[in-house]
Amino acid sequence: MSSNDVVLERPETVCHQRLSQIVAMSREMLKCAQMDDWQQLILLESERGHLLTEFFHTAVNEEESADVASSIKLIQALDKKTMRYVKSEYESVSDELKKLNKGRRVSNAYLQ
């Protein structure tokens, strides 16, 4: 399933509207990660988290369950792609911090 797959067959219901919004936010989060826009990614993740919590506190009828399951799989796939970018950025920042700490230790040793 690609991140461009159309999952929802009946977007007229409230359930489908919310799922569409959550999927769209997940796509936007991936774009933010690809563009290194970490602040926007964090904001979207927080907002989407609230929507997901709200969504899963509501009952889903049987007719919508297949679309819900399909949407969850799509969201998971998008999140997996996003996390690859996050992990790469984390490793890069971690390396920079290690270099800064090493430089500070050398500097402190020189000053003593």
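Within the range 41-88, work out how many residues are within 21 Å of residue 15 (Cα to Cα) and in a helix (DSSP H, G or I).
Here is the first cut: in the range 41-88, the ones within 21 Å of residue 15 (Cα to Cα) are 44-79.
This time we only want the ones that are in a helix (DSSP H, G or I), so: 44-56, 62-79.
Summing the residues that are within 21 Å of residue 15 (Cα to Cα) and in a helix (DSSP H, G or I) in the range 41-88 gives 31.
With respect to residue 70, determine if the residue is under 20 Å from residue 30 (Cα atoms), small (Gly, Ala, Ser) and surrounded by fewer than 16 Cβ atoms within 10 Å (Cβ to Cβ). For residue 70, the condition - under 20 Å from residue 30 (Cα atoms), small (Gly, Ala, Ser) and surrounded by fewer than 16 Cβ atoms within 10 Å (Cβ to Cβ) - is not met. Which pairs have Cβ atoms under 8 Å, sit 6 or more apart or on different chains, and link a residue in the range 10-36 that is touching a residue at least 40 places away in the same chain (Cβ under 8 Å) and more than 11 Å from residue 64 (Cβ to Cβ) to one that is assigned to a helix (DSSP H, G or I) and of a type in the set (Gly, Ala, Ser)? These pairs meet every condition: 22/71; 23/71. Quick one: is residue 46 modelled with pLDDT under 95 and polar (S, T, N, Q)? No: the conditions fail for residue 46. Scanning the range 1-40 for residues that are at pLDDT below 95, in a helix (DSSP H, G or I) and of a type outside the set (S, T, N, Q) returns 14, 15, 16, 18, 19, 38.
Just to be sure, is residue 44 among the hydrophobic types (A, V, I, L, M, F, W, C) and under 14 Å from residue 18 (Cβ atoms)? No.
The values are calculated or read from the model by the stated rules, or taken from the named source; none is laboratory data. Please read all numbers here as calculations on a predicted model, not as lab measurements. Reconstructed Cβ throughout: ideal geometry from the backbone, glycine too, with neighbour counts over all protein chains shown.
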